[in-house]
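Contents: one structure, followed by commentary.
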Amino acid sequence: MIGETATCGDARTLDEVTTQNTFQPNPDSFDKLYRGEPAVEGAPKPTGVPWDIRAAQPRLMELEALGGISGEVLDIGCGLGDNAIFLASRGHSVTALDGSPAAIEQARDRAGKAGVSVNFNVADATNLTGYDGRFDTVVDSALYHCLEPDGRHAYAAGLYRATRPGARWHLYCFSDAEVNGLVAPIGSVSESSIRDTLTANGWRIDFLGPTTYLASAGGFGSLGESVPPEVADQMPPEVHEQMADLRRRFDVIADLLDGDRVHLPFTVVHAHRVD
Ligand SMILES: C[S@@+](CC[C@H](N)C(=O)[O-])C[C@H]1O[C@@H](n2cnc3c(N)ncnc32)[C@H](O)[C@@H]1O
């Protein structure tokens with residue numbers, strides 16, 4: 001099955017399921033997840049936060065070691081803060097923003113326990129009013145694919161205003177590729193769409209290519225078959241099936257994983273601000 005276009009238990013291929021995917025999470029559903037509450041009424045409680053690996057992303061740590069982070073840093077859509085905490089522990093001055101008050105509260109707690117200082121605040125990535133001309137490096141670890149196409153344009157334009165001449169933007173988002181048959185659970189973004197959006201909003205792409213993102217398989221426990229029928233009925237069928245397929249695959253490889261960590265298919269983009 002590895003390297004092939006696998007089927008999802010029906011006539012559709014993974015490729016078809018991935019490209020049909022238009023389901024997007026919203027800020028309220030994120031906040032509920034961080035509070036341990038079901039995203040919609042009737043759904044089971046979340047089994048965890050799928051991206052909470054209690055450490056910085058390995059690819060981001062490597063980027064930092066290679067000198068990719070400099071000046072004033074913005075971690076946008078920072079979630080529970082582990083990337084920002086890692087960057088601060090390496091001596092960087094970091095502002096970390098997220099739309100979820102619950103995430104920011106927990107991120108502040110983690111930073112306090114780690115003994116590092118990060119400027120955490122609640123903010124909407126598509127409206128960064130008040131942050132004009134502040135940042136030299138932007139880190140986006142899995143925020144971009146959470147936004148609607150219009151929101152991505154507002155976000156890219158807002159980041160242009162929030163940064164200084166020469167600023168760099170490192171963007172990591174779900175791709176439409178696969179890792180050993182594992183596909184993005186929701187909202188992958190095509191390469192051409194990323195190129196169009198960034199270029200139209202004053203960013204030049206220096207590199208765009210495949211990478212992986214480490215996630216927690218346990219955090220995906222409420223996907224798939226465990227979703228009650230009345231909730232599944234509210235989801236686009238292809239999204240429900242895609243999530244169920246991902247859950248089945250996690251179950252098959254569970255004994256082979258390092259802890260419960262799984263690699264998911266991502267795109268990495270390194271861009272700089274056109275002055
Ligand atoms: C997949 S999580 C990634 C979290 C973190 N960057 C990481 O890699 O662990 C996406 C994050 O983006 C946040 N988010 C989604 N839409 C947002 C928006 N419009 N403004 C700010 N944050 C947003 C969510 O609350 C969530 O914490």
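The values are calculated or read from the model by the stated rules, or taken from the named source; none is laboratory data. Fair warning: this is a prediction, and the values are worked out from it, not measured in the lab. Neighbour counts are summed over all protein chains in view; Cβ atoms, including those assigned to glycine, are modelled from backbone coordinates with ideal geometry. Heads up: the accessible areas ignore ligands, DNA and RNA and are worked out on the full protein's heavy atoms, side chains in. Shrake-Rupley method; radii C 1.70, N 1.55, O 1.52, S 1.80 Å.
The table that follows gives values for the structure above.
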quantity	calculated
Percent accessible area from carbon and sulfur atoms, the chain, protein chains only, probe 1.4 Å	52
Heavy-atom accessible area ranking, 1.4 Å probe, most first, across K45, K32	K45, K32
Of E62, E105, E148, the one that fluctuates the most in a GNM where the chain has Cα springs shorter than 10 Å	E62
Fully extended contour minus Cα-Cα distance, from V252 to R90, at 0.36 nm per residue	54.6 nm
Relative contact order (%) - segment 156-275, alpha-carbon pairs under 8 angstrom, separation at least six	50
Alpha-carbon gyration tensor eigenvalues x 5, square-rooted, for segment 141-275, Å	32, 17, 11
Relative compactness, segment 78-210, computed as alpha-carbon Rg over 2.2 N^0.38 Å	1.08
Other-chain or far-sequence residues with amide H under 5 Å of H92's (modelled H)	none
Segment 148-218: equivalent-ellipsoid semi-axes (sqrt of 5 x gyration tensor eigenvalues, Cα, Å)	25, 13, 12
Estimated inter-spin distance, V274 and D150, nm [label 7 Å along Cα→Cβ]	2.5
Mean separation of Cα contacts under 8 Å, 6 or more apart, over the residue count of the chain: relative contact order %	24
Mean ellipticity per residue at 222 nm, deg cm²/dmol - from DSSP H runs of n ≥ 4 across the chain, formula -39500 (n - 2.57)	-9500 deg cm²/dmol
Near-label residues of segment 72-96 by backbone N, under 20 Å of a point 7 Å along Cα→Cβ of N127	76-79, 96
Gain upon complete extension [N119, Q234; 0.36 nm per residue less C-alpha separation]	37.6 nm
Coarse-grained scattering of the chain at q = 0.09, 0.14, 0.17 Å⁻¹, given as base-10 log I(q)/I(0) from a Debye sum over alpha-carbon atoms	-0.40, -1.01, -1.47
